[in-house]
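A quick write-up on the structure given underneath.
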Amino acid sequence: MDLMSCLECNESVKMANRTILKESQIMKIHYITGIAAIFVVALHIMMRLVVPFEQSLEYDYIIANYKNIIYVLILESILVLISVHGFNGTRIILLELRQSRAWENMVTVVTISAMIGLIAYGTRTIILANGL
Amino acid sequence: MNNTAIDNKNEQKITLKVYRENRGQDSGSHHDTFEVPYKKWTTVLDALLFVKSYMDPSVAIRYSCRMASCGSCGMKINGVPKLACYTKISELETSTIECEPLPNFPIIRDLVTDFSRFFNHHKSMQPYIQTNDSTEVDTNKGTFSFYQSPEDVDKYLQFSYCIKCGLCYSACPTVGTDLNFPGPQALAQQYRYFADTRDESKKRLDIVDDRHGIWRCHFAGSCSKVCPKGVDPALGIQLLRSYMLGISKNDKIPAKKIEINDDDNNNNSSKI
């Protein structure tokens, strides 16, 4: 069993060499998106605080925000940064749960697909609300 | 009153709860309890050997040097991974001591665990100096050694004190869930050779740059807390990560080669 786990370990190393990005590159993206998201979300909250809280939730005010190109860029940044950071974090947690080639490939494909799907759906919403 | 009488009068007893399990039998696990006399200087290993000698010879323990050099007698003592030979009963300040096998290791029998996976991870780190210069091993070209300044040595010295006792590996929460994670010992050894100016390997960082490699460390720090030799594996892992992220630059200057002549050997000196 120990020999098997060692072989599995070596297989995992070989498999990693075949991936598009090295794990260190993925983690760089993970840390950068995490730090950037803090600043962008802080900016987003501060922009909401310029008016009373109830008013910031009114339909007209929100639609008006979507017409503001700077606000749209901030929302899109939040969407992309949080999606990349969040889904990669989920991938990392799931990789630690089980160790097998099939599981790791499945987790990678599912998390990347979900990330792309969420970004696409969110971007569509922003574009529709903006009226482009 | 002679010394023996004084010793008997001051003799105290400790309750030793020892984990028992035999992998070859399906009898399950249980704890056996022993009352063991101890003195101020008695270690947990001494107490276990007393049990083995006078109470139950079937208790399985692995030990060798009895002086925290070999790293054989690692076990969980009152819930914390420790070396039994380095843990005095009097310092535990408890009336009952529970001895269990190290977590994250397969149990062979009682307190003896299987280190195969642990050593496989260690071997996978290529824990030896790698140099491109073959003259070092070419005896026809004389004998060489490598010059290292005290500052060069300081970068990796503490990590070379590792005795491979497996305490850090057993305390690591990531190893508990991910058996392909090399563990703090192996990763700290990777840093030890990476930081060594004699080593010229270009592939060291690639070895740990894996899905289950260095990035899975959660920095719990429990590895450094339990190390009996004062090594800080968590520090080694973070230093290695900083090089991989580009926060620290690898400004390692290869060690200068020093030719040692026979005359120099005799005079105990060397020529650069």
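Inspection of segment B:238-261 finds a residue satisfying the criterion of being modelled with pLDDT of 90 or more and away from every other protein chain (no Cβ under 14 Å). When you look at A:VAL107, is it β-branched (Val, Ile, Thr) and away from chain B (no Cβ under 14 Å), yes or no? It is false that A:VAL107 is β-branched (Val, Ile, Thr) and away from chain B (no Cβ under 14 Å). Looking across segment B:67-78, the residues that are assigned to a loop (DSSP other than H, G, I, E, B) and under 16 Å from B:VAL112 (Cα atoms) come down to B:CYS70, B:GLY71, B:SER72, B:CYS73. Each residue in segment B:156-181 was checked for being in contact with a Phe, Trp or Tyr (Cβ under 9 Å, 6 or more places away or on another chain) and of a type outside the set (A, V, I, L, M, F, W, C), and 6 of them qualify.
Looking at segment A:20-55, which of the residues that are surrounded by 15 or more Cβ atoms within 10 Å (Cβ to Cβ) and within 10 Å of chain B (Cβ to nearest Cβ) is modelled with the lowest pLDDT? So the residue we want is A:LYS22. Of all residues in segment B:24-57, those satisfying the criterion of being modelled with pLDDT of 95 or more and assigned to a loop (DSSP other than H, G, I, E, B) are B:THR42, B:MET55, B:ASP56, B:PRO57. Just so you know, in segment B:148-193 the residues that are under 15 Å from the mean Cα position of the chain (by Cα) and charged (D, E, K, R) include one that is farthest from B:CYS217 (Cα to Cα), and it is B:LYS164. The residues in segment B:108-125 that are under 16 Å from B:LEU167 (Cβ atoms) and more than 9 Å from every other protein chain (Cβ to nearest Cβ) can be counted, and the count is 7.
Flag: B:GLY24 does not match the condition of being at positive phi and not aliphatic (A, V, I, L, M). Being modelled with pLDDT under 95, of a type outside the set (A, V, I, L, M) and surrounded by fewer than 16 Cβ atoms within 10 Å (Cβ to Cβ) is a condition met by at least one residue of segment A:62-78.
The helices (runs of 4 or more DSSP H) falling completely within segment B:158-220 that include 3 or more residues that are touching a residue at least 60 places away in the same chain (Cβ under 8 Å) and either in contact with a strand residue (DSSP E or B) (Cβ under 7 Å, 6 or more places away or on another chain) or under 21 Å from A:ARG91 (Cβ atoms) (or both) map to B:167-171.
Can you find even one residue in segment B:216-223 that is modelled with pLDDT of 95 or more and under 12 Å from the mean Cα position of the chain (by Cα)? Scanning segment B:216-223 turns up at least one residue that is modelled with pLDDT of 95 or more and under 12 Å from the mean Cα position of the chain (by Cα). Looking across segment B:237-256, just one residue is of a type in the set (Lys, Arg), free of Cβ contacts under 8 Å to residues at least 40 places away in the same chain and either surrounded by fewer than 16 Cβ atoms within 10 Å (Cβ to Cβ) or assigned to a loop (DSSP other than H, G, I, E, B) (or both), and that is B:LYS249.
Here B:CYS223 fulfils each of the conditions (1) over 29 Å from B:ASP133 (Cβ atoms); (2) within 14 Å of another protein chain (Cβ to nearest Cβ); (3) not aliphatic (A, V, I, L, M) apart from (2). If you go through segment A:40-82 and keep only what is over 15 Å from A:ILE126 (Cα atoms) and of a type in the set (Ser, Thr, Tyr), you end up with just A:SER56.
When segment B:53-68 is limited to residues that are more than 13 Å from B:VAL18 (Cβ to Cβ) and surrounded by 12 or more Cβ atoms within 10 Å (Cβ to Cβ), the one that is nearest to the chain's Cα centre (by Cα) turns out to be B:ALA68.
All of B:ALA234, B:ALA195, B:ALA220 fail the test of being touching a helix residue (DSSP H, G or I) at 6+ places or on another chain (Cβ under 6 Å) and surrounded by 20 or more Cβ atoms within 10 Å (Cβ to Cβ), apart from B:ALA234.
For segment B:156-179, which positions are at pLDDT below 95 and touching a Leu at 6+ places or on another chain (Cβ under 9 Å)? B:THR177, B:ASP178, listed by residue number.
The values are calculated or read from the model by the stated rules, or taken from the named source; none is laboratory data. If you're wondering where the values come from, they're calculated on a predicted model, not measured in any experiment. Because the Cβ atoms are built from the backbone with ideal geometry, glycine has one as well, and the counts that use them run over all protein chains shown.
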